[in-house]
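Written below as structure tokens is the structure these notes are about.
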């Protein structure tokens, strides 16, 4: 671990120094006034844990089993769109990190590495998050490609029925349709390392979707094509149709209320990721840790309860699991590492989180992850 950046916050600051402003805003920003973005973390940090000092203690283990697969730690790399916009080849870097570190990697439909590329990097050991297409034929084609690539866990995205209103992205020309401004060009000129790295790597593309995108589209028409191609609202009939043909694990991401959770389970979901899209969709929504705590009381034991949103440290992971999550995912934190340190950044993030979580468990006197709820104040 590089001692210059021993926390996610320090990695985020270093990333901000290395990235053009529009790219950093895309990574770090939320919707509207960013209330829910900040609440995700502040609500986690408001939770308290109770240590137990005067008892026999044999040490802590972070190993956990999810869908029959043992992982080194109870966290994985969440799906992030347009990753190479933020740092070249960041999707591939994080996929390699996940394989080395034995944690899950989730590939987004709308990121910059293809299903096949990530399958080659991970040996087929990856998850795929599906933005639901408007056309069933495209849906079926993407599912077929994921299955043929070896993917065992499909994640259906439920929390993006509309495009979030994100003022920073609108100002920076990253809304739909996108546009490049002189302001953006100036920002790129002030970040030569980022610019030369992008020049060497090539223009970021929606690599998984490349076979379906007409050639030669301008940025404006590409944005309009993407808007037309994907219909974000997930319905019971759409989930049922996917469950009928997907033979692997099926996870619904973006569940925050018991009615949706009950419906998802009735349709054959194997797990739920409690998420609010990192505070990028509904500013007045509940924080993910509060939603997780409520859902875990009713559904833990009936399905796998996972969580993402607002997690920036090993302590945050401990709180999420004490609140009822059985596994966690981190998107921004993983990207901060790569944007700050390039190819070494993914491992830096994993090692920070592992060391922090280990220290918290040892301080609490907690030997296994399943016992963390007993330490909740």
Can you give me the C-alpha center-to-center distance between the stretch 230-290 and the stretch 129-172, rounded to a whole angstrom?
12
Sort 256-262, 198-204 by packing, meaning the average of other beta carbons within 10 Å per residue, with the highest value first.
256-262, 198-204
Semi-axes a, b, c in Å (a largest) for the chain, each sqrt of 5 times a Cα gyration tensor eigenvalue, come to 31, 25, 19
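Of the beta bridges DSSP finds with both residues in the stretch 8-375, what % are antiparallel, to the nearest 5?
10
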Fully extended contour minus Cα-Cα distance, from residue 244 to residue 70, at 0.36 nm per residue:
60.0 nm
For peptides 161-172, 70-81, sequence by mean Cβ density within 10 Å, most packed first:
70-81, 161-172
In deg cm²/dmol, rounded to the nearest 500, the helical mean residue ellipticity at 222 nm of the chain, built from -39500 (n - 2.57) for every DSSP H run of length 4 or more, is -13500 deg cm²/dmol
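Where does each of 50-61, 103-114 land if you order them by average Cβ count within 10 Å, highest first?
Going from most to least packed, we get 103-114, 50-61.
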Let me have the relative contact order for the stretch 8-375, percent, based on Cα pairs under 8 Å that are six or more residues apart.
28
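Since every read-out is calculated from the coordinates, none of them should be taken as a lab result. Note that the coordinates shown come from a computational prediction; the quantities given were computed from them, not determined experimentally. Neighbour counts run over all protein chains shown; Cβ positions are idealised from the backbone, glycine included.
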